[in-house]
Amino acid sequence: MSIEERKRDHIRIALESESAQRGSNWLEYVHMIPRAVPDINVNDVEISATFLGRWFSAPFLIEGMTGGTEEGARINAVLAAAAERARIPMGVGSQRAGIVRPELRYTFRAAREAGQGAFLIANIGAAQLVKHGVGLAWEAVKMIEADALAIHVNLIQEIIQPEGDREFRGFLKLARDVCREIGVPVIVKEVGCGISYEDAVALKNIGISAVDVAGKGGTSWIEIERMRALDAGRHDRARLAEVFTDWGIPTAASVLEAVKVEGLEVVGSGGIRNGLEVAKLLLLGASMGGMAMPFLRAAVRGVEEVENLVRQLGEELKVTMALCGATNLAEFKKTQYILTGRLREWVEQRAASRLSLGPQPKL
Ligand SMILES: Cc1cc2nc3c(=O)[nH]c(=O)nc-3n(C[C@H](O)[C@H](O)[C@H](O)COP(=O)(O)O)c2cc1C
């Protein structure tokens with residue numbers, strides 16, 4: 001199967017199938033303490049945020065999704081035009097297709113052309129970096145004149161895909177070289193299984209500026225690959241996906257893991273669907289809330305729909321902040337919250353085990 005066909009499949013299944021959304025992101029276990037008598041005018045609430053040293057009008061990030069097909073080019077152009085107008089950052093999807101097939105570059109370039117002043121995040125896969133070396137990162141950044149680079153790690157997805165990669169050795173060393181040479185901030189992102197404290201420490205140590213957790217509880221690549229495997233008659237792969245359907249760290253737990261690493265910025269993502277959930281991520285210590293699926297659904301309906309979504313998310317975040325008595329994000333981050341249920345159990349057990357970090361990867 002060609003990269004183009006695979007990309008088309010991904011968008012189609014993601015849009016058509018509700019079951020591509022998996023379980024809970026555990027944000028329901030995060031509770032803020034509401035204020036009944038705050039001294040506040042709701043219209044004064046201000047949500048501008050900084051991330052990677054840059055100013056944005058809101059702490060929302062359009063997660064990397066697409067490119068490599070005609071439809072991908074259209075979606076990238078719509079998202080980038082909206083990102084520029086709304087002044088929020090945006091990622092493109094994995095640029096491998098544009099690197100191995102130069103005639104597909106335009107499907108990623110479409111983002112830069114539609115959003116000349118947008119903050120754009122290039123995207124490559126860890127397995128591809130291992131295979132092709134640092135040059136791949138250069139090409140991805142150059143292709144869209146990117147402001148940052150995201151390297152996605154997606155072990156379980158690659159393993160389930162019949163055509164996927166299985167060689168991940170040497171990644172940290174290469175990623176360290178990328179951080180040293182590339183000249184833009186480097187983000188490492190998951191795609192639905194979250195990032196642990198141990199990995200966040202290793203990534204900070206090699207010079208990564210931010211992690212984007214993409215935890216469990218949002219779009220599930222395990223489920224999407226299960227459906228593709230079934231369509232292709234690969235029952236062995238479908239069964240593998242089924243066995244690992246619950247694999248990963250739920251988003252709320254993963255954010256709490258990653259924010260423990262000093263000097264590392266954290267994007268909370270994975271099943272984030274409204275401004276109240278973004279507010280919870282910020283309280284847990286994230287700099288931004290990232291969303292893929294909600295922006296994809298809006299993008300297929302056009303730029304205005306994406307802008308409407310950003311406005312709606314902004315309104316929901318502002319209302320949450322007002323209800324907690326805060327007029328800006330710095331104040332809001334001081335709001336008291338409590339953790340309950342499984343998230344609390346997770347945090348308590350990990351606090352005990354974090355004292356010994358275990359073996360660290362050798363470079
Ligand atoms: C259709 C689609 C395509 C995606 N393609 C990529 C990709 O190429 N590279 C990547 O790093 N993440 C990719 N992702 C993962 C998202 O960036 C995000 O981390 C994940 O979907 C969780 O967000 P969500 O629950 O809001 O969808 C994709 C997601 C979707 C829905």
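Any read-out appearing in this document is the output of simple, stated calculations on the displayed coordinates, not a laboratory observation. What you see is a predicted model; the values in this text were computed from it and never measured. Here the Cβ positions follow ideal geometry from the backbone for every residue, glycine too, while neighbour counts run over all protein chains shown.
Quick check: net charge around residue 114, other residues with Cβ under 11 Å of its Cβ, Lys/Arg +1 and Asp/Glu -1?
Within the 11 Å Cβ shell, the charges total +2.
Over 19 Å between C-alpha atoms is what I'm after, so list which of 142/204; 216/280; 142/173; 7/173 land there.
Flagged as over cut-off: 142/204; 142/173; 7/173.
Rg/Rh for the chain: what does it come to with C-alpha atoms and Rh from Kirkwood?
Rg divided by Rh gives 0.95.
Just to be sure I understand: of the beta bridges DSSP finds with both ends in the range 3-353, what percent are antiparallel, rounded to 5?
Of those bridges, close to 20 percent are antiparallel.
Contact order normalised by length for the range 1-99, with contacts defined as Cα pairs under 8 Å and 6 or more residues apart; what percent is it?
Relative contact order for the range 1-99 comes out at 27 percent.
Using just the helices of the chain, give the 222 nm mean residue ellipticity in deg cm²/dmol: DSSP H runs with n ≥ 4 each add -39,500 (n - 2.57), and the total is spread over all residues, rounded to 500.
-13500 deg cm²/dmol
From the phi angles alone, apply the Karplus equation (6.51, -1.76, 1.60; θ = phi - 60°) to the range 176-184 and give each ³J(HN,Hα) in whole Hz, x where the residue is Gly or Pro.
Values per residue, Gly and Pro as x: 4, 4, 4, 4, 6, 9, 7, x, 10 Hz.
Check residue 51: other-chain or 5+ apart residues with amide H under 5 Å from its amide H, H built from backbone geometry?
56
Roughly how many debye, to the nearest 20, is the charge dipole of the range 5-127 about its Cα centre, given +1 on each Lys and Arg Cβ, -1 on each Asp and Glu Cβ, and no other charges?
Here the range 5-127 has a charge dipole of around 520 debye.
Taking amide H atoms as placed 1.01 Å from N in the peptide plane, list the residues 5 or more away in sequence, or in a different chain, whose amide H sits under 5 Å from that of residue 189.
The answer is 151, 152, 153, 212.
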